[in-house]
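Colleague: Just passing along the structure, written as structure tokens.
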Amino acid sequence: MHLSFTTPFFYNSSCSCAHFPVMDFSRVCRRSTKVNFEGLQKYPHELQLYNDFPAFTISIGELEQSMAERLCVLQTLEEVGNRGLKVGTEDWRKTVIEDLKKHNLRGFCKLLTATSLGSDVEDFNMRRRDHMSHYMLRVSYSESEDKRRWFIAREIELFRLRWLYLTESKRSEFLLLNNIKYSKADDREKQTAVKLSYGFMTVSQEYYFIPVWQVADLVRSRKVFIHKGMAYITNDDIISVLLASYRATLSQALAYISRRLHVLDDDPRILGLVKGAGKNTREVEYTNFANKDKVDIRQLDTLAEISYPLCMRQMHQRLRTVHHLKHFARLQYGLFLKGIGVSLEDSLLFWRSEFCKQMDVEKFEKSHSYNIRHSYGREGKRSNYAPQSCMKIISTSVSAGQYHGCPFKTLDSPALLKALQGSGFSMIAQHEIADLAKKGHYQLACSAHFSHSHKGADQVLIGHPNHYFDESQKILMSKMVKKEEKGSSTIVKPPAEKVKADTPKTDVWEDMGIDLSDVPL
Amino acid sequence: MGKFSPDTLPELLSVYYRRLFPYDAYTRWLSYGNVNSNTFSHREMCFTLAGDIYIRYQSFDKPSDFENELQKKCPEKIDIGAVYSMKPKQKKLGSDMEVVERELIFDIDITDYDSVRTCCKDADVCSKCWKLMSIATKILDTALRDDFGFKHILWVFSGRRGIHCWVCDEVARKLESNVRSAVAEYLQVLIREDSTGKMVNLSDKTHPSIKRALEIIDKVFVEVCVEGQNILGTSQGMLQMLQMMEDNLRKEVEPAWEKLHTSVDRWNAFVGIFERMRGELKWKNKHLVDEIMLQWAYPRLDIAVTKGANHLLKSPFCIHPKTGKLCIPFNPATAFTFDPDGVPSINELIEELQEFDRKVAQEEDDVKRKVKNYKKTSMYKSMQIFEEFLRNLEVSCRNSKADPMEF
Ligand code: SF4
Ligand SMILES: [Zn+2]
């Protein structure tokens, strides 16, 4: 395998001018264990700022592997963020690492937690892969504004995570190695500042001066005292400064690469690698079909009211009122129905009875019944499509007049509040949900919606609409059982008649003890 | 002098743009000392013509082009946009035009104070509610200068219901968007009301910028809010505040208020009870007096305007089409005594101009020509403010040209 990649491409941020190094893939090692161990000097620290271009040889296989791994790390960060864990908190970093372990990313786990892999060779290799994969993903994610923003946000989180795992001495070492120096406020300066800051600062602390432009986030949250364009920051806040400059460098570098992406067109192999990254975005799979064919379609209206997440409820209501749904909504809702246990036959019956209120049976059979059978894997490629996860639903685009997608994302606050009106929630609850949605925490909004619909239930984090449904049924079921035990004659609204087999925990959302009190509200 | 009537606007505008608009100073401002020749020519200008016709993405290669176009089009409104990486007028569909420079701007609109003012409604501003704007000016101006170290700040009365602030320092113009939004959020202390109607919750460690704002507010709060806005003079006003109090505080305050009759007496009684009970209060109420002062008088910014670098903002020296009033710079240091009613309207300006012409008709023509037209009118005072701003700005532009490392 020969690869040469000799295009002026990367922007070297360590010097002020653009720099055109050569990435040479031509000498491909079969195994890269034969490393020269003065090599570790190249990576004297776990953490790096990726200022230098990776100039060494690596096998395509290893490259591909490490890109995939890094991507998995970044996606995990995103997922954990979506669950509302506040970046930087203890919970957040533990959850990230636990999740990474589930994905078998031992190397990255060790690297991120600043633990040695056991030998210099392994550490060196890991640091190199870190370096390499970072650079390759820069290219993959430079293409569009959206991707660049995503990549930068994740890399920043990653850096923060790693910083948190460094000991105090490792941190100073890092600053020293990267030649980062900040000037300290001397006693006189400190005294003036203490006075000016109405006692916000204390004489006993050490402070560094940093221009406010470099500590935007600390300024934004009014965490630091600022005077004449200078922020007085403490040792603990240095990470914010680092991140700000790292962010600036990254966004510059990505913009630079994006303008040169066309040079890749000449190299199909690199192009393939770069383009391939991020295609197979991980999703929560819903495969819990153990209790199929149990839901009676005559109960759907009741179920929609008591056990559907908002997305499905909306489509259901829409279908009942106008007797039609557009393509993507049919797909999203249809697969959900399959997932809750509506049989193919029932599903056909259900759609037919609605659609035929405004079209003739023949037309329905011609244009729709194939698709329904197809989604049950009875036509075409016969693949059994899984119900769509929240992540999938949230990321599909929805235009006006369409009813699929996640309502917490697609509806603006007034529309969402309107949709919540019939829910019987208090105004405060409605606003709480709308607020979460507005902040972009769609799944958290959905989780709050769940809690308010199921008073007294444990906190459930929604990752999949079918999960919402199953959890709801579980709760209603247990309530019914309890009431029966007590011999009460009150009738609980009937949950679907399915008896949930005690299936092993298949989805990852199940047992996350997440503390929502950390969510910035 | 006659009252302004919108029907006469087109005619008046044509005279105004021919004889009064301060082209020279205005285009010097937007050229920023010509340090970079693109600063002027890549600036987006937007004209609004009669009938709400917007012409966006206009730009002018040189000041005289701007002058000619303005006289030709006679826009009812002029908005200033950002400086772009290319000439906005050459923008084509799909071409990516990036913002390279933009003043840091703030927009304060009196209608955002509707829940805390009782003197007027909607877009009207009287001298009483102007006081609220003047507090906002003072707080913001101090923060921009002392905290961020900005020096070139232009304050403009929009001609009707708002004030605009243009921070023109080179650093400010070149701020990255995340820093821009950080500055905006730093200055935005009030957030959406919580269930008790409170818009701010202080902690024990109050940020110095808020403490300073409180000092500014404290000096005039009774005069401007308690008295001027009569905030505790109505049952509605009292209710609004009572809602923010926890039960044991409310139980003391409510009966005390019932016995008293003026807003000032009630406020003083409340502050007294609060001080006495302070130790027993829960954290939500621990800083209630400060929080109320902030909620009633801290600047209410429309921060979307500040955050978006490509946001348009109404230009100084245009005429408000509804009121006919001139959009003029004012001095933040004397904002408290500024009278929005005293701002000249276009018809007054033009009458003054004609009056002057009549008076000196006998004198030589070149005497007349030597005097700048606006000096013959009541625009004069705010032009002095603008000229001074400009002088300082140009000095620092020259310095930064000589020493580009300054920033
Ligand atoms: S979060 Fe998921 S389940 Fe909830 S409404 Fe959105 S897509 Fe549906
Ligand atoms: Zn008023």
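The values are calculated or read from the model by the stated rules, or taken from the named source; none is laboratory data. Bear in mind the structure is a predicted one, so any value in this text is a computation, not a measurement. Quick reminder, even Gly has a Cβ in these numbers, built from the backbone with ideal geometry, and neighbours come from all protein chains shown. We work out accessible area using only protein heavy atoms, side chains counted, and drop any ligands, DNA or RNA first. Shrake-Rupley method; radii C 1.70, N 1.55, O 1.52, S 1.80 Å.
Colleague: For the stretch B:49-63, just list the computed ³J(HN,Hα) in residue order, Karplus coefficients 6.51, -1.76 and 1.60, θ = phi - 60°, integers in Hz, with x standing in for Gly and Pro.
Modeller: 9, 3, x, 6, 8, 8, 10, 8, 6, 9, 8, 10, 5, 9, x
Colleague: Which one, A:Y208, A:V224, A:Y198, projects farthest toward the positive side of the charge dipole computed for the stretch A:183-240 from Cβ point charges (K/R +1, D/E -1)?
Modeller: With unit charges placed on the Cβ atoms, the residue in question is A:Y198.
Colleague: Separate question: Using 7 Å Cα-to-Cβ label points, what is the A:F56/B:E98 separation (nm, one decimal)?
Modeller: It is 3.3 nm.
Colleague: Which residues belonging to the stretch A:177-213 lose at least 50 Å² of 1.4 Å-probe accessible area when the assembly is complete, relative to their chain isolated?
Modeller: Those are A:Y198, A:F200, A:W213, which lose 50 Å² or more relative to the chain on its own.
Colleague: Further question: Heavy-atom accessible area per residue, the stretch B:56-183, 1.4 Å probe: how many Å²?
Modeller: For the stretch B:56-183, the per-residue accessible area is 37 Å².
Colleague: Moving on to the next point. Using 7 Å Cα-to-Cβ label points, what is the A:Y385/B:K401 separation (nm, one decimal)?
Modeller: 6.6
Colleague: Give the aspartates and glutamates whose C-alpha is closer than 16 Å to that of B:K62, dropping any in the same chain fewer than 8 places away, or say none.
Modeller: Straight-line reach from B:K62, under 16 Å: B:D24, B:E44.
Colleague: Something else now. Around B:A82, which amide H atoms from residues at least 5 apart in sequence, or from another chain, sit under 5 Å from its own amide H, with H modelled in the peptide plane?
Modeller: Amide H neighbours of B:A82: B:E44.
Colleague: Can you list the residues of the stretch B:141-173 that have at least 50 square angstrom less accessible area with all protein chains present than in their chain by itself, probe 1.4 Å?
Modeller: Buried-area filter returns B:D146, B:D147, B:F148.
Colleague: Rounded to the nearest 10 Å², what accessible area does A:V121 have for a 1.4 Å probe in the complete protein model?
Modeller: Approximately 50 Å² of A:V121 is accessible to the 1.4 Å probe.
Colleague: Please give the calculated 222 nm ellipticity per residue for the protein assembly as shown, where each DSSP H segment of at least 4 residues contributes -39500 (n - 2.57) and the sum is spread over every residue; nearest 500 deg cm²/dmol?
Modeller: The per-residue figure over the protein assembly as shown is -14000 deg cm²/dmol.
Colleague: Provide the FRET efficiency to the nearest 0.05 for the A:Y370-B:K284 pair, computing r from the beta carbons and using R0 = 51 Å.
Modeller: So the FRET efficiency works out to roughly 0.25.
Colleague: Testing the spin-label approximation: label points 7 Å from Cα along Cα→Cβ at A:K357 and B:E246. State their distance in nm.
Modeller: Inter-label distance under the simple model: 5.3 nm.
Colleague: Kindly compute the accessible surface that chains A and B hide from a 1.4 Å probe when together, both sides summed, and give it to the nearest 100 Å².
Modeller: That pair hides around 2100 Å² of surface in total.
Colleague: Please give me, ordered by residue number, the GluC sites (Glu not before Pro) of the stretch A:169-255 that lie in loop per DSSP and have at most 12 other Cβ atoms within 10 Å.
Modeller: Sites meeting the loop and neighbour criteria: A:E206.
Colleague: Could I ask something else about it? If only Cα atoms are counted, what is the Rg of the stretch B:193-297, and what is its Dmax, in Å?
Modeller: 13.0, 37
Colleague: Looking at the stretch A:224-252, which residues lose a minimum of 50 Å² of accessible area between their chain alone and all protein chains in place, measuring with a 1.4 Å probe and not counting ligands or nucleic acids?
Modeller: A:I226, A:K228
Colleague: Using the structure shown, list the pairs from B:K91/B:K375; A:K147/A:K184; A:K418/B:K211; A:K439/B:K314; A:K223/B:K138 with a Cα-Cα distance above 28 Å, or answer none.
Modeller: Long pairs (Cα-Cα over 28 Å): B:K91/B:K375; A:K147/A:K184; A:K418/B:K211; A:K439/B:K314.
Colleague: Write down the accessible area per residue of the stretch A:74-165 in Å², having rolled a 1.4 Å probe over the full set of protein chains.
Modeller: Per residue, the stretch A:74-165 has 36 Å² of solvent-accessible surface.
Colleague: Just to confirm, what accessible area per residue do you get for the stretch A:183-240 at 1.4 Å probe, in whole Å²?
Modeller: Ligands and nucleic acids excluded, the figure is 50 Å² per residue.
Colleague: Right, another one. Out of B:K325, B:K72, B:K174, any idea which swings most in a Gaussian network model of chain B, alpha carbons joined below 10 Å?
Modeller: Comparing B:K325, B:K72, B:K174 in a Gaussian network model of chain B, the most mobile one is B:K72.
Colleague: Once each part is reduced to its C-alpha centroid, what is the distance from the stretch B:24-45 to the stretch A:103-159 in angstrom?
Modeller: 45
Colleague: While we're here: Short version: ³J(HN,Hα) in whole Hz for each residue of the stretch A:45-59, in order, from phi by Karplus 6.51 cos²θ - 1.76 cosθ + 1.60 (θ = phi - 60°), x for Gly and Pro, what are they?
Modeller: These are the phi-based 3J(HN,Hα) values: 9, 4, 9, 9, 9, 6, 6, 8, 6, x, 10, 7, 9, 8, 7 Hz.
Colleague: Something else now. Take the solvent-accessible surface of the protein heavy atoms, probe 1.4 Å, and return the percent of it on chain B that carbon and sulfur atoms account for.
Modeller: 49
Colleague: What accessible surface, in Å², does a 1.4 Å probe find on A:H449, ignoring ligands, DNA and RNA and rounding to the nearest 10?
Modeller: For A:H449, solvent-accessible area is about 0 Å².
Colleague: Through the Karplus equation 6.51 cos²θ - 1.76 cosθ + 1.60, θ set to phi - 60°, convert the phi angles of the stretch A:363-369 into ³J(HN,Hα) values in whole Hz; use x for Gly and Pro.
Modeller: Using θ = phi - 60°, the values come out as 5, 4, 4, 5, 9, 10, 5 Hz.
Colleague: Estimate the FRET efficiency between A:D266 and B:K91 by the formula 1/(1 + (r/R0)^6), using the beta-carbon distance for r and 22 Å for R0, to the nearest 0.05.
Modeller: 0.10
Colleague: With r defined as the distance between the Cβ atoms of B:A50 and B:F336 and R0 fixed at 41 Å, what FRET efficiency is calculated, to the nearest 0.05?
Modeller: For B:A50 and B:F336, the calculated efficiency is 0.65.
Colleague: Excluding ligands and nucleic acids, what accessible area in Å² is computed for A:W351 using a 1.4 Å probe, to the nearest 10?
Modeller: 10
Colleague: Taking chain B as the reference, fit the longest principal axis to its C-alpha atoms, fit the long axis of helix B:247-259 to the helix C-alpha atoms, and give the angle between the two in degrees, 0 to 90, nearest 10.
Modeller: Taking Cα atoms only, the helix is inclined about 80 degrees.
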